[in-house]
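Down below is the structure, laid out as structure tokens.
All of the numbers you see were taken from the coordinates with simple rules; none came from a lab. It should be emphasised that the depicted structure is a prediction, and the values quoted were computed from it without experimental measurement. All Cβ positions, even for glycine, are placed from backbone atoms using ideal geometry, and neighbour counts span all protein chains on display.
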């Protein structure tokens, strides 16, 4: 009689092994998500336009993020104009930007100009951006510039 009980116990355990496990192991999923998080944290700063400029410093607030990748035009101190990271001749700037404007949903464009660029040059490029159909021009600067209000204190940097 004792032998019969052992056989039934083995059959019961055998069936339990052949049944699929209903639990989900989330540890590999969490590991993958953490690796992806680190990759995106490292890669996100590299996605900005890589044209080295000495941007003017201002006390302006940051512009809120856009759902579409921002289109940036940069004016370097040497003179060339770059759309994102590719150099564009001045006589082709408006035509290329018109082609880009047709593909974009937003009319917002970011203008990055080195602080050593004359104001007249920046205004000429802004006119070209407007002629290309971009009416929402954001001037990009670095934070930490002088505040020009009464709360700034004696030093000018509040």
Next on the checklist: Between residue 147 and residue 44, what's the calculated FRET efficiency when r is the beta-carbon distance and R0 is 25 Å? Round to 0.05.
Outcome noted: 0.30
Item to check | Gained length - residue 35 relative to residue 22, 0.36 nm times residue gap less alpha-carbon distance | outcome: 2.0 nm
